[in-house]
Amino acid sequence: MGGSIDVSHAGQAAYVTINNPAKRNAMTQAMWIAMGDIMHELGSRRDIRCIVLRGAGEAAFGSGADIEEFRALRADRQQAIAFARHGHRAMQAVRDCPVPTLAAIRGVCVGGGLELAAFCDIRIAASDSRFGVPIARLGAVLAYPELEGLVRLAGPVGALEILLEGRLLNADEACRRGLVSRVVDALEFEREVADSVGRIIAGGPLSARWHKKFVARLGCSDPLTETELDEGYACYDTEDYQIGYQAFLAKQAPEFIGK
């Protein structure tokens, strides 16, 4: 019983699907654990150049935790802490994944679903998507690790409005507030996702990993060390750099090898 986290592959892209459509892709505890395991495994693979997170079907990307488990698994503070560790591990695995991540969002994207999407590098939403975190209706709160992605995207003021009102935002408003990267018509959604994946894969995989690392580091207030500054030029000693600029001069598409 319950849903699953499914993985499929197409070339150098991996597709991670939240599969529980009967409950709008709600996440059971087992699914949170699986999401963390899968993201760690995919992030360690050099042959994967893009990871796409999506929900099964067209009605929902994800609706967060499966509330039917709350009575048994989140009945008090200690149970909630134990349960939350699995969700936090999954979200942090998405956040810290060295491989570029893309959330392909259709339908409802709320609660834990939005928290997962918030930690992806790019979020493409179909025009029929809806977003929100109506957790106050349960008398519950987002803990600090769960708030991180929402505040990063919407800012403290925007995050508070979303949490205090608990209303659902349509895709255009979500885009204006920074929750998604761009909105496309539902009929063009799959093509746009595929095109974005293609553009990511066409770039140098080492470039992508370094850019993710550098952008994350600039979010820290500590001054950069000389070693860190020097790393910004390490790419010029790679085979991919030689492949890239020589292909440009020859007016050819580069075929990067990740070395």
What shape does the chain take by its C-alpha gyration tensor, where a ≥ b ≥ c are the square roots of the eigenvalues and a/c under 1.5 counts as rounded, a/b above b/c as prolate, and the rest as oblate?
prolate
On a straight-distance basis, which lysines could pair with residue 251 in a cross-link, Cα separation under 24 angstrom, same-chain partners fewer than 8 positions away excluded?
259
Sort the range 126-259 into rounded, prolate or oblate with this rule: let a ≥ b ≥ c be the square roots of the eigenvalues of the Cα gyration tensor; rounded if a/c is under 1.5, and if a/c is not under 1.5, prolate when a/b is larger than b/c, oblate otherwise.
oblate
Order these peptides, 208-220, 225-237, by their mean beta-carbon neighbour count within 10 angstrom, highest first.
208-220, 225-237
Rounded to whole Hz, the Karplus (6.51, -1.76, 1.60) HN-Hα couplings of the range 174-182, x for glycine and proline
4, 5, 4, 8, x, 6, 10, 6, 7
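Only counting other Cβ atoms within 10 Å, I'd like 190, 255 sorted with the fewest neighbours first. Don't skip to the answer; put the middle values down first.
Details: 190 13, 255 10.
If I rank by nearby Cβ atoms, fewest first, I get 255, 190.
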With the contact rule set at Cα under 8 Å and sequence spacing of 6 or more, what percent relative contact order holds for the range 7-137?
27
Amide H of residue 111: which non-local residues (sequence gap of 5 or more, or other chain) have their own amide H closer than 5 Å, using H built in the peptide plane?
132, 133
Folded to 0 to 90 degrees: helix 239-249 orientation relative to the chain principal axis, Cα
70
Spelling out what I want: for every residue of the range 36-49, take phi, set θ = phi - 60°, compute 6.51 cos²θ - 1.76 cosθ + 1.60 (Karplus), and round to whole Hz; glycine and proline get x.
x, 4, 5, 5, 5, 5, 5, x, 8, 8, 7, 8, 9, 10
Sequence-distant residues sharing a close amide H with residue 60 (under 5 Å, placed H)
108
Kindly rank 17-29, 110-122, 129-141, 62-74 from highest to lowest mean number of other beta carbons found within 10 Å of each residue.
110-122, 17-29, 62-74, 129-141
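We did not get these values from a lab; they are worked out from the coordinates using the rules stated. Computed from a predicted structure; not experimentally measured. Methodologically, a virtual Cβ is constructed for each residue, glycine included, from the backbone with ideal geometry; neighbour enumeration extends over all protein chains shown.
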